[in-house]
Amino acid sequence: MRLKIKKMKIYRKKIQIKSESQIEFIDITDKVEEIVENSGIREGQVLIYSPHTSAGIIINHNEPMLLQDFMRVLYRIVPLGDRYSHDLFELKKNQISDGRSNGHSHCKTMLLGTSESVPLDGGKMLITERQSIFLAEMDGSRSRDVVVQVIGL
Amino acid sequence: MRLKIKKMKIYRKKIQIKSESQIEFIDITDKVEEIVENSGIREGQVLIYSPHTSAGIIINHNEPMLLQDFMRVLYRIVPLGDRYSHDLFELKKNQISDGRSNGHSHCKTMLLGTSESVPLDGGKMLITERQSIFLAEMDGSRSRDVVVQVIGL
Amino acid sequence: MRLKIKKMKIYRKKIQIKSESQIEFIDITDKVEEIVENSGIREGQVLIYSPHTSAGIIINHNEPMLLQDFMRVLYRIVPLGDRYSHDLFELKKNQISDGRSNGHSHCKTMLLGTSESVPLDGGKMLITERQSIFLAEMDGSRSRDVVVQVIGL
């Protein structure tokens, strides 16, 4: 008697990142690919998740001039120069030891979202050559984590 | 002969909410945590999903002044005072019995998205102290549902 | 001896789409429903994913005048008439053979996101009558794919 039951597998890793600028799109595609490969999972999906409130996850084209466009659009729709109540709150609580006011960073992150999921096909992410996965840092420079979880067979 | 096969488990619950204002960020973190705990699932992910077209899901910091910033940003990029064709449509169909025009609410929701997924670690969501999960009500006050689904082992 | 072990199932299909306009919200709800039905999966979730950098996925109300509102809001927060550095990049590389400059399309897609997940209940998506799933084309007309993946029991 032989049983061939493919069990569901779950594999999770953390990517550690050091951002350098206030707004920065950090391409983590290679690192996510490596995690997918190490998972041994062939069919399923990968969740890319930012456990932060001022950095999100986006998937788009890694073209340096386009990344500048992203930055400009985000600064324009959520201007740095506006008054954010959150900054007054943090000031009162002495939570901005470095003089950083980041109300705008949270607002930008709200618009980007904190997770994306990508399906797998034969152990590879279904992303085209033009697609890259980014941690969208909205309040750098900082140390950041991205959680990558592969789920499937 | 012993078989030790860990089966995939799926657990789903609905959270019922009553919103009070037009725009309101309702923190449902505790309720999602309770559902995750009741699921008995240790490894996997939780999907938080809004089955609505004028309320989305966001994950960010629950600081009351920041929530006001979120509201102001959303009202500024999708102003209440603009003319939305949808409102004329609903007016014609007599679908706004209470005089509410909600074209702006749908537009705001489009920008926020209707689902987020969070990975689990040992039966707990991988969220930091600063992160809260919100139903982002864009057209309250109303009764709303949030569907929470845990999937894993 | 009988073993009754419900195995995790994964089912994936590609939807092929031909968009007609620059910005277009293409309702793919029926096609996603058909894939969910064909999957035979009763409990679990469906991932709807755009493998593109200038077209995203949204879930909202399919009311033609509201779709015009969505378009206007997107054109207003990411204006076509602004200068996008990406367009200069593509011009230099001769990648815009048809004179199309699409920096704005990528920026709009960044705000929409490229995936949404919907939970299932008894083989049906948990969407209400008012909800439709759209490929949000931001740079048509083009041929596009949407990847739909059902995962569950």
*In whole Å, how far is the Cα centre of segment A:115-132 from that of segment C:30-80?*
18 Å
_Please compute the length gained on full extension between B:Asp145 and B:Glu20, using 0.36 nm multiplied by the number of residues separating them and subtracting their Cα-Cα distance._
43.6 nm
*Rounded, prolate or oblate (a/c below 1.5 giving rounded, otherwise prolate when a/b exceeds b/c) for chain A by Cα gyration tensor*: prolate
*Assuming R0 = 22 Å, can you tell me the calculated FRET efficiency for the pair B:Arg130 and B:Lys13, based on Cβ-Cβ distance, to the nearest 0.05?*
0.30
_I'd like to know which of B:Val147, B:Ser85, B:Leu111 lies farthest towards the positive end of the charge dipole of segment B:54-153, counting +1 on Cβ of Lys and Arg and -1 on Cβ of Asp and Glu._
B:Ser85
*Determine the per residue accessible area of segment C:1-120 with all protein chains present and a 1.4 angstrom probe, expressed in square angstrom.*
46 Å²
*Chain B: which residue's Cβ hugs the B-to-C rotation axis most tightly, distance rounded to whole Å?*
B:Met8, 3
_What does the buried accessible surface come to for B and A, summed over both chains, with the probe at 1.4 Å? Round to 100 Å²._
3200 Å²
*With only Lys, Arg, Asp and Glu charged, each at its Cβ (+1 for the first two, -1 for the last two), find how big the charge dipole of chain B is about the Cα centre; round to the nearest 20 debye.*
820 debye
*Share of the protein assembly as shown's accessible area from carbon and sulfur, percent, 1.4 Å?*
45 percent
_I need the inter-copy label distances for A:Thr29: point set 7 Å along Cα to C-beta, values in nm with one decimal, smallest first._
3.4, 3.4
_At 7 Å out from Cα toward Cβ: A:Lys13 inter-copy label distances (nm, ascending)_ = 3.4, 3.4
*To the nearest 10 square angstrom, how much accessible area does B:Tyr11 have with a 1.4 angstrom probe?*
60 Å²
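Need one word for segment A:1-70: rounded, prolate or oblate. Basis is the Cα gyration tensor (sqrt eigenvalues a ≥ b ≥ c); a/c below 1.5 gives rounded, then a/b vs b/c decides.
prolate
Quick one: dipole size for the protein assembly as shown, taken about the Cα centre, charges +1 on Lys/Arg Cβ and -1 on Asp/Glu Cβ, in debye to the nearest 20.
Dipole magnitude for the protein assembly as shown comes out near 2120 debye.
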*For C:Asn38 and A:Asp27, FRET efficiency with R0 = 41 Å and r from the beta-carbon atoms, rounded to 0.05?*
0.70
*Sort C:Glu137, C:Glu20 by accessible area with a 1.4 Å probe, largest first.*
C:Glu20, C:Glu137
*Name the long-range amide H neighbours of B:Met8: under 5 Å, sequence gap of 5 or more, or other chain; modelled H, no Pro or chain starts.*
A:Met8, C:Met8
*asked:* Between 0 and 90 degrees, rounded to the nearest ten: what's the tilt of helix C:29-39 against the longest Cα principal axis of chain C?
replied: 40 degrees
_Cα gyration tensor shape of segment A:43-87, rounded if a/c is under 1.5, else prolate or oblate by comparing a/b with b/c_ = oblate
_Placing the label point 7 Å from Cα along the Cα-to-Cβ direction, what are the distances from B:Leu88 to the equivalent spots in the other copies, shortest first, in nm to one decimal?_
4.0, 4.0
*Over the heavy atoms of A:Lys14, what accessible area does a 1.4 Å probe trace out, to the nearest 10 Å²?*
120 Å²
*asked:* Students often get this wrong, so check it: of A:Lys108/B:Lys13; A:Lys13/A:Lys93; A:Lys31/C:Lys92; A:Lys9/C:Lys7, which have C-alpha atoms separated by over 22 Å?
replied: A:Lys108/B:Lys13; A:Lys13/A:Lys93; A:Lys31/C:Lys92
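The values are calculated or read from the model by the stated rules, or taken from the named source; none is laboratory data. Keep in mind the model is a prediction, meaning the values are calculated, not measured. In this analysis, Cβ positions are derived from the backbone assuming ideal geometry, glycine residues included, and neighbour counts consider all displayed protein chains. When the accessible area is computed, the model is the full protein with side chains, heavy atoms only, and any ligands, DNA or RNA have been set aside. Shrake-Rupley method; radii C 1.70, N 1.55, O 1.52, S 1.80 Å.
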